[in-house]
1. Filter segment 78-112 down to residues that are without any contact (Cβ under 8 Å) to a residue 60 or more places away in the chain and among the charged types (D, E, K, R) and give me whichever is nearest to Phe63 (Cα to Cα).
2. I'd like to check something: does segment 65-77 contain any residue that is surrounded by fewer than 17 Cβ atoms within 10 Å (Cβ to Cβ) and without any contact (Cβ under 8 Å) to a residue 24 or more places away in the chain?
3. Just for segment 1-18: of the residues that are part of a helix (DSSP H, G or I) and touching a Pro at 6+ places or on another chain (Cβ under 8 Å), which one is farthest from Leu68 (Cα to Cα)?
4. Can you spot a residue in segment 8-27 that is of a type outside the set (A, V, I, L, M), within 14 Å of Glu105 (Cα to Cα) and surrounded by 12 or more Cβ atoms within 10 Å (Cβ to Cβ)?
5. So, restricting to strands (runs of 3 or more DSSP E) that lie completely within segment 36-112, which ones have at least 3 residues that are over 16 Å from the mean Cα position of the chain (by Cα) and among the hydrophobic types (A, V, I, L, M, F, W, C)?
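What follows draws every value from the coordinates through simple rules; no lab data is involved. Since the model is a prediction, treat every value here as computed from it, not as a measurement. Note that each Cβ is placed from the backbone with ideal geometry, even for glycine, and that neighbours are counted across all protein chains shown.
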Amino acid sequence: MIAKAEVKFIRISPTKVRQVIDLIRLKDVASAQAILFNINKGPRGYLIKILKQAVANAKVKGFNQEQLYISKIICDVGPAWKRFKAAAFGRAAPIKKRTSHIRIELDMKSGA
């Protein structure tokens, strides 16, 4: 692990985030950024921001962006906000507004 970036309590469902992180897992940074800029999904903006943070952390340590790839990217479940909405016959139906914790780790390409 060369550099990492982590963001917690993102207000988006982990299942939606996992759909997008499966597309960029084990890709080099340039191709991962290209995929994220051209995809039309909700977590895209969060993932672009986190990837930029990880690359900036690697640059501070003295590594070049072309040498890096995403070695590990995970999305864990955060706490859910519990709310209620009105339902028929005076009842209340529960709503769980889910949150996510996302962590990206970058590493050097082997054989480069």
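1. Result: Lys96.
2. No, every residue in segment 65-77 fails to be surrounded by fewer than 17 Cβ atoms within 10 Å (Cβ to Cβ) and without any contact (Cβ under 8 Å) to a residue 24 or more places away in the chain.
3. Filtering segment 1-18 for residues that are part of a helix (DSSP H, G or I) and touching a Pro at 6+ places or on another chain (Cβ under 8 Å), the one farthest from Leu68 (Cα to Cα) comes out as Lys16.
4. yes
5. Because the criterion is at least 3 residues that are over 16 Å from the mean Cα position of the chain (by Cα) and among the hydrophobic types (A, V, I, L, M, F, W, C), the strands (runs of 3 or more DSSP E) in segment 36-112 that meet it are 81-86, 92-97.
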